[in-house]
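Single-structure report; data block below.
Just so it is clear, none of the values below were taken in a lab; they were calculated from the coordinates. If you're wondering where the values come from, they're calculated on a predicted model, not measured in any experiment. Don't worry about glycine lacking a Cβ; one is built from the backbone with ideal geometry, like all the others, and counts go over all protein chains shown.
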Amino acid sequence: MTIRRAFRCGHQLKSSCFHGRHSIRSMGTFVPNLSPVTGKMEWVLQDEHYDYHQEIARSAYADMLHDTERNQKYYLGLKRAIHLMHQSGQAAHVLDIGTGTGLLSMMAAASGADTVTACEAFVPMAECARKLIQQNGFGDKITLIPKRSTEVTVGKDSDMPRRANILVTEVFDTELIGEGAIGTFHHAHEKLLEKDCLVVPRAAKMYVQLVQSEKLRKWNQLLPIKIKGHDDVRPPTEFSRCGGAPSLHDLQLDQVSCDQFQPLSQPIKVFRFDYTGKSEIKFKDRSKLTVESLNDGRIDAIFMWWDLEMDPEGEITLSCAPSWGHPDPENMQWRDHWMQAIYYPNVRRSVQKGETITLVSNHDDYSLWFDVQDFSEQKLSEDKRGVCRCGAHMTYSRPRIAMLNDDYRNTVYIHTMKQVVNSQSVCLCLGDGTLLPFIASKLGAKKVYTLQSNPLCRRTLQRYLQHNSEGECVQIIDKLPGELTAEDLAGNKIDVVLAEPFFLTSVLPWHNLHLGYIVREITQHLSPCVKVLPGIAAFRIMAVQFSDLWKIRAPVGICEGFNLESFDKLIESSSDKTDAYIEPQPLWEYPATCLSQPITVMQFDMSRIVENTKSQVVENTVPFDCDGTCNGVALWMDFSFGETEISTGPVTPPVPGAKVQWDRCTRQGVHLFRLPQTVCQGDILSYKVMFIPEAGEFQFSFDIQRKRSKVT
């Protein structure tokens, strides 16, 4: 089991609904909260057990339990292990490490295990497992220990009376070893298992593939911004040469279409982790393999995935491969708890078809890193993992780098700025780490200021400033908007406010309305005829049918014959106490079908967004334009730059009944219905949206109404 990516579920900022989900309770605690819209610190009353409930709600157990292939193959692996143990004349004593809901332990008991011991360190889940085990009739067959496996003792008057001879565990994440699987297996074999035990799964195999991809390169390497008729905005040389951040880039790799990359190698097995105890699982290991390039190209990225050998004979395989590397691509299981990952090489090199490439793979007990050895430069040391050497990758996330490299966005900015910037213009550029100041300077602005209170953004832009020799024109100001003085601007009044709608505190699309609040704070520094771009922000929604994303919030109910409804109630209760009504998701990774036309709910003038302090309420309906299953509502913002828009939602006009193409540089908002509803053309989605200007908060309510009956 793995907790989903932090930016997907760990940063759920409050956006409430009208149904009392966030009502004040009799007991609670005030916690500080920085409003990403207003930029002000607020004190928010939360349930006194907020952190506890949030940890339960965000634990992603439900996502894992909807993984039918995983569940069935664990069940088959356990049945075979127990059968083999009985066939050898021995009792089957099963140990389940990290039992979660107790599902694997109940599978073992139902498969005829003589004893089952389950350990679970997460206390609320241990209590839930205890309840589920009792409710499913296994209370006298399963012993539950609410401890980490490394704290479990064996012997008389200990946690376990004897060592187990079958181990079943699921301690894997997208990186396979990131949850400490190596240490868990090591300790179990040393302290908790018989020498000749059976293990489910018995082994894991890890694969990588070398590829060329301009699309993926733009997620990792800062590229020049080309301005026709003017000098380029050039990244510092060290930015272009740096391999990037050492962490994995985890995503749904099947959503990177095959026309967006060129394979330079076949999938290569780089590691096999033997969990049986018959050979050592090294805490630190390194493999060096030579492969032959399939095509001419440049090594931009390294794909990674892994498989599990689920039974003692190794006949049952569970694969996490993308479709082109999968043993059964027609029957692939969707999952979000185990994805694929991308790593970026430290040494970028071009290769020719048939050329030999040396691939070096490394792991320690928690992480992986890969590189391609270039003997002409000898940059790869034996023990040093790749690290960001330039600092830019510590400033910019990968989606942010993709945004800065986005040709469409930059074309819009350049075209718009050519209309409003001239040799007399005094410009103020907003947006954390934005490169707009350098575009404005290249286009001939008289003076360009940018507010950069974040030290990492400021340092990165300072290096851009030096490399592009814009020191006379561009000035980076280390202040918050409310701290700006006339002296900072040398007495100048701002003629043009140019903003890239991106702020580090923004998680949901409308958080970038922060721009309007900045404009309010700097009003005294603006000329009477100031132009503010973007001028209008449109808040839009659309009813959708997600192919799979809905499963992350859907109740489990019956799983492989076991009743998990008490687990569903626990998750629902904790989610009601902590979850936002709307959550951020990178929807380009999650196929969705458009069920209605996109509707503009509200529009905001960036130059006067908070002139009216009264709450704005919009209540209306959206007709469904085709039949389908509505399991979600997507929400996003579109920003107008003159006659052109930059969307944080669909990048092409959505067509009812067709797949939606989403912007890949931003996260959209999504509301997932707990119970998906079958809808027909003519049914309606009713919505109510309230905007509270002074707090910068939105409140939402959605409901599906049939032609003849209402469904909540």
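Among the GluC sites (Glu not before Pro) in the range 466-527, which ones are in a DSSP loop with at most 16 other Cβ atoms within 10 Å of the Cβ? Mind listing them?
Values: sites: Glu470, Glu472, Glu483, Glu487, Glu521; in loops: Glu470, Glu472, Glu487.
Answer in residue order: Glu472, Glu487.
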Q | Phi to ³J(HN,Hα) by Karplus 6.51 cos²θ - 1.76 cosθ + 1.60 over the range 681-697, Hz, x for Gly, Pro | A | 4, x, 5, 9, 9, 9, 9, 9, 10, 10, 10, 10, x, 5, 8, x, 9
Q: Output the relative contact order of the range 512-652, whole-number percent, from Cα pairs under 8 angstrom with separation of 6+ residues.
A: 44 percent
Q: Just the Kirkwood number for the range 204-395, please: inverse of mean 1/r across all distinct Cα pairs, in Å, one decimal.
A: 18.1 Å
Q: State the volume of the convex hull built on the alpha-carbon positions of the range 627-712, expressed per residue in Å³ and rounded to an integer.
A: 140 Å³
Q) Can you give me the relative contact order of the range 204-395 as a percent, contacts being Cα pairs under 8 Å and 6 or more apart? A) 31 percent
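With a cut-off of at most 13 other beta carbons within 10 Å, and DSSP calling the residue loop, which GluC sites (Glu not before Pro) in the range 592-656 qualify? Please list them. Before the final figure, lay out the partial values.
Details: sites: Glu611, Glu619, Glu643, Glu645; in loops: Glu611, Glu643.
Of the GluC sites (Glu not before Pro), the ones in loops of the range 592-656 whose Cβ has at most 13 other Cβ atoms within 10 Å are Glu611, Glu643.
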Q. Just the Cα atoms of the range 71-150, one point each, no solvent: what log10 I(q)/I(0) does Debye give at q = 0.26 Å⁻¹?
A. -1.20
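Extension gain Glu355-Met394, at 0.36 nm per residue separation less the Cα-Cα distance, in nm?
Values: separation 39, 0.36 × 39 = 14.04 nm, distance 3.38 nm.
Using 0.36 nm per residue and subtracting the Cα-Cα distance, I get 10.7 nm.
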Q: Compute log10 of I(q)/I(0) for the chain with the Debye formula, placing one identical point scatterer on every Cα and leaving out solvent, at q = 0.07, 0.09, 0.10 Å⁻¹, to two decimals.
A: -0.55, -0.90, -1.09
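Semi-axes, largest first, in whole Å: what does sqrt of 5 times each Cα gyration tensor eigenvalue give for the range 158-299? Working shown, then result.
Values: eigenvalues 386, 58, 35 Å².
Values for the range 158-299, descending: 44, 17, 13 Å.
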**Q.** Using distinct alpha-carbon pairs, which all enter the 1/r mean, Kirkwood radius of the range 461-592 in Å
**A.** 19.8 Å
Q. What longest range of the chain stays clear of loop-exposed chymotrypsin sites (Phe, Trp or Tyr not before Pro) (DSSP non-H/G/I/E/B, at most 15 other C-beta within 10 angstrom)?
A. 376-712
Q.
Only four residue types carry charge here, +1 at the Cβ of Lys and Arg and -1 at the Cβ of Asp and Glu. Report the dipole size of the chain about the Cα centre in Debye, rounded to the nearest 20.
A. 880 debye
**Q.** Charge dipole of the chain about the Cα centre (unit charges at C-beta), most positive-ward option of Val421, Leu595, Thr644
**A.** Val421
**Q.** Near-label residues of the range 94-129 by backbone N, under 20 Å of a point 7 Å along Cα→Cβ of Thr68
**A.** 103-104, 107
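Give me the mean projected area, in nm² to one decimal, of the convex hull enclosing the Cα positions of the range 562-664.
Numbers: hull surface 41.1 nm².
If you wrap the Cα atoms of the range 562-664 in a convex hull and average its projections, you get 10.3 nm².
Find the relative contact order for the range 406-531 and round it to a whole percent, using C-alpha pairs within less than 8 Å whose residues are 6+ positions apart. Show your work: numbers first, answer last.
Working: 183 pairs, mean separation 34.3, N = 126.
Computed over the range 406-531, the figure is 27 percent.
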**Q.** Efficiency of FRET from Cβ geometry, Ser367 and Glu560, R₀ 41 Å, rounded to 0.05
**A.** 0.80
Q | Stretchable slack from Thr485 to Val617, in nm (0.36 nm times residue separation minus alpha-carbon distance) | A | 43.9 nm
Q. Rg (Å, one decimal) plus Dmax (Å, integer) for the alpha carbons of the range 249-344?
A. 15.0, 43
Q: Mind checking the full-extension length gain between Gln266 and Glu238? Use 0.36 nm per residue of separation minus the Cα-Cα distance, one decimal, nm.
A: 7.0 nm
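Can you order the peptides 128-137, 145-154 by their average number of other Cβ atoms within 10 Å per residue, highest first?
On the way: 128-137: 19.6, 145-154: 16.5.
Going by the mean number of other Cβ atoms within 10 Å, highest first, we get 128-137, 145-154.
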(Q) Restricting things to Cα coordinates, could you compute the convex hull volume per residue of the range 406-531 in Å³? (A) 109 Å³
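Estimate the FRET efficiency between Glu151 and Lys278 by the formula 1/(1 + (r/R0)^6), using the beta-carbon distance for r and 35 Å for R0, to the nearest 0.05. Could the numbers behind the result be given before it?
Values: r = 26 Å, r/R0 = 0.74.
Using R0 = 35 Å, I get an efficiency of 0.85.
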Q | Extreme residue, positive dipole direction of the range 204-395, given options Gly391, Trp219, Gln340 (C-beta unit charges) | A | Gly391
Q: Kindly provide the helix-only [θ] at 222 nm of the chain, computed as the sum of -39,500 (n - 2.57) over DSSP H runs of four or more divided by all residues, to the nearest 500 deg cm²/dmol?
A: -5500 deg cm²/dmol
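Report the calculated FRET efficiency for Lys288 and Glu190 (r = Cβ-Cβ distance, R0 = 41 Å), to the nearest 0.05.
Working: r = 29 Å, r/R0 = 0.72.
It comes to 0.90.
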